[in-house]
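Structure record follows, encoded as structure tokens.
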Amino acid sequence: MMVECSSISLEGSAELRRILDARGVELLSAPVSGNAKVIRAGKLTFVVSGPKAAYDAAAPYLDMMGQGSSYVGEGELSRIVKICHNVMLGVVTQCMAEITVLAQKAGVPRHAFLDFLNKSVMGSTFTATRPRPSSISTSTSRLRRTCCARTWTWGSRPVGGSKCRCRSPR
């Protein structure tokens, strides 16, 4: 059995599955959710697809490496789940950024809004671990200096306004 944990394409994973199958080796596609910080905290998770019997044999080992694994079916379904997960991550990130800026523009201090958010039912590990207000510069000069490099944007526009004010091309 081989457990493949990268985020390769559906086509690449299917090709690998065919090659291994021809050699009598079962493949579990098991992309992960978690960066280095998540791994160090022991909270890595796997989404797994492939033969169910192979998953049943591998699950105890996968579970030892983090918070656990989720079996989603045969073939490349884990790749689809990982793509959906990444889309949700982008949507949640953009939503959190937009609502935080909305609260700030109305005069609510960022730390107060985030404190409330994280104490409510809308709080999560994700929202609680985003950069703290003290680690983010919101000065106009900082925004102008970095917006063209796309290092400080909310959605598709720089934080400082609807248009980039510096002279560098985007």
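If I ask for residues that are touching a residue at least 24 places away in the same chain (Cβ under 8 Å) and part of a helix (DSSP H, G or I), which ones from the range 62-85 would you list? Let's see the steps before the verdict.
So in the range 62-85, the residues touching a residue at least 24 places away in the same chain (Cβ under 8 Å) come out as 62, 66-67, 69-70, 72-82, 85.
Residues satisfying the conditions are LEU62, LEU77, SER78, ARG79, ILE80, VAL81, LYS82, HIS85.
Hey, any hits in the range 112-126 for a residue that's at pLDDT below 90, under 30 Å from LEU10 (Cβ atoms) and not in a helix (DSSP H, G or I)?
yes
For (1) surrounded by fewer than 16 Cβ atoms within 10 Å (Cβ to Cβ); (2) in contact with a helix residue (DSSP H, G or I) (Cβ under 6 Å, 6 or more places away or on another chain); (3) modelled with pLDDT of 95 or more, each residue gets a yes or a no:
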{"site": "GLY50", "(1), (2), (3)": "no, no, yes"}
{"site": "TYR55", "(1), (2), (3)": "no, no, yes"}
{"site": "GLY68", "(1), (2), (3)": "yes, no, no"}
{"site": "GLY73", "(1), (2), (3)": "yes, no, yes"}
{"site": "VAL81", "(1), (2), (3)": "no, no, yes"}
{"site": "VAL91", "(1), (2), (3)": "yes, no, no"}
{"site": "GLU98", "(1), (2), (3)": "yes, no, no"}
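For the range 31-78, how many residues are of a type in the set (D, E, K, R) and over 19 Å from the mean Cα position of the chain (by Cα)?
Taking the range 31-78 as the starting set, the residues that turn out to be of a type in the set (D, E, K, R) are 37, 40, 43, 52, 56, 63, 74, 76.
Filter again for over 19 Å from the mean Cα position of the chain (by Cα), leaving 52, 56, 63, 74, 76.
Of the residues in that region, 5 qualify.
If you go through the range 25-57, how many residues are farther than 14 Å from VAL3 by Cα and part of a helix (DSSP H, G or I)?
So the count comes out to 5.
The values are calculated or read from the model by the stated rules, or taken from the named source; none is laboratory data. Predicted model only: the values in this text are computed from it and were never measured. Quick reminder, even Gly has a Cβ in these numbers, built from the backbone with ideal geometry, and neighbours come from all protein chains shown.
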